[in-house]
There are 2 protein chains.
Amino acid sequence: MAINYPNGKKFIPSKTQPAAKKKKDFSFSNRGKTLEDELNETNDYYLQLGLAVIHKKPVPVQIVKVEYPSRSAAVIREAYFRTPSTTDYNGVWNGKYVDFEAKETENKTSFPLKNIHEHQIHHMSQVVKQNGMAFLILRFSSLQRYFIMRFESLEIFWNRMLAGGRKSITLEEIEEASIEIAPSAFPPIDYLPVLHKL
Amino acid sequence: MAINYPNGKKFIPSKTQPAAKKKKDFSFSNRGKTLEDELNETNDYYLQLGLAVIHKKPVPVQIVKVEYPSRSAAVIREAYFRTPSTTDYNGVWNGKYVDFEAKETENKTSFPLKNIHEHQIHHMSQVVKQNGMAFLILRFSSLQRYFIMRFESLEIFWNRMLAGGRKSITLEEIEEASIEIAPSAFPPIDYLPVLHKL
């Protein structure tokens, strides 16, 4: 089950969250895993091997009401999803600051830019100004293809849209402006080796 | 109102959260602001001036039940606080990865180490191994004194405790092993200039 944010962002609960009644997909293309699952496994792998320390940030919620049942943990009884002010993933790799957003689309020919929020573009722009690495990890779920696009390229397509141009990036453009990552069994999305090339 | 995590961590809602019935304190010592307020203001200031991009991570919650009232935003009806797996603050400053935990104590003579969780020590240790900067920002609220202690020093006191030694760091030890930050009106805790000296 996917929960929709007020801002249209899809919230997909992680495995540790009992609310997660994930849509099962047994096709080979994504083996039922969300992009978030794949990245969490990849980041865990990097952490265990001491290759990088990169975590997904928690989903921001605005807590309104909390109950304290006796002898049990506090229960949040009223809360709302907030719009995140940054990207979802960040951390450190070999002294470098790494920051990225991960998005998937079922679309087969282009990536719709409405999946990205303006404040995330703004955030990535600030990161780059501080000499951090900012990029987008993109999954075309139906095609089982993964791309990593540095922010500097993403920004070009974003600005084209702001100037009245198309509201998506075509697959051909993505192939040209990104580095493709071949998915593997373990780690699922081995993106660290690609960072050297960005 | 402070909400207690199952793990004993204090959760202090931010200003934007309606649940926040903050204990008001009109003494000069902290002007009613929590350490989190002061750091958020400081980080906002750094962000606006393009000096650093450092954010507090959202409080991690495990979402169990969500309702979708018609024509309004999704409401979380059951959720629980989760133990954070990292520190609260991270970001990038001048190409460097910056990661820290912020703690305050009302104690006047020492800082109790029970305020820090083992997984946070573990996380900071991993950050340092990746050549990131990891440190602790400490506020002695009653004394209106602020310290910044690099992880490498904190680890020594932590290991002393593990070896059966004292469960706190005395103020004298903190004065010796940290850099003191003088609070100011704006930004409240100007910690960036101190990082050069760490």
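For the reader, a short list of remarks on this structure follows.
- From the list A:Thr34, A:Thr105, A:Thr86, the lone residue that is within 7 Å of chain B (Cβ to nearest Cβ), among the polar types (S, T, N, Q) and touching a strand residue (DSSP E or B) at 6+ places or on another chain (Cβ under 8 Å) is A:Thr86.
- Residue that is surrounded by the most Cβ atoms within 10 Å (Cβ to Cβ) [pool: residues in the stretch A:54-82 that are within 30 Å of B:Met133 (Cα to Cα) and more than 16 Å from the chain's Cα centre (by Cα)]: A:Val61
- A:Asn43 being open to solvent by less than 50 Å² (accessible area, probe 1.4 Å) and free of Cβ contacts under 8 Å to residues at least 40 places away in the same chain: no
- Residue check for A:Phe111: open to solvent by less than 20 Å² (accessible area, probe 1.4 Å), more than 14 Å from chain B (Cβ to nearest Cβ) and assigned to a strand (DSSP E or B): yes
- Filter pass, B:Ala182 being in contact with a helix residue (DSSP H, G or I) (Cβ under 6 Å, 6 or more places away or on another chain) and away from chain A (no Cβ under 14 Å): no
- Hey, A:Ile189 in contact (Cβ under 8 Å) with a residue 40 or more places away in the chain, closer than 15 Å to A:Glu101 by Cα and outside any strand (DSSP E or B) or not: yes
- Within the stretch A:136-168, the set of residues being assigned to a helix (DSSP H, G or I) and without any contact (Cβ under 8 Å) to a residue 24 or more places away in the chain comprises A:Ile156, A:Asn159, A:Arg160, A:Leu162.
- Residue in the stretch A:70-81 that is among the acidic types (Asp, Glu) and at the interface with chain B (Cβ under 7 Å from one of its Cβ atoms) present: yes
- Condition check for A:Tyr97: away from every other protein chain (no Cβ under 14 Å), of a type in the set (Ser, Thr, Tyr) and open to solvent by less than 10 Å² (accessible area, probe 1.4 Å): no
- Scanning the stretch A:114-132 for residues that are within 9 Å of chain B (Cβ to nearest Cβ), open to solvent by less than 30 Å² (accessible area, probe 1.4 Å) and outside any helix (DSSP H, G or I) gives A:Gln130, A:Gly132.
The values are calculated or read from the model by the stated rules, or taken from the named source; none is laboratory data. Here the structure is a predicted model, which is why all the values come from computation and not from measurement. Cβ: placed from backbone, ideal geometry, glycine included. Neighbour counts: every protein chain shown. We work out accessible area using only protein heavy atoms, side chains counted, and drop any ligands, DNA or RNA first. Shrake-Rupley method; radii C 1.70, N 1.55, O 1.52, S 1.80 Å.
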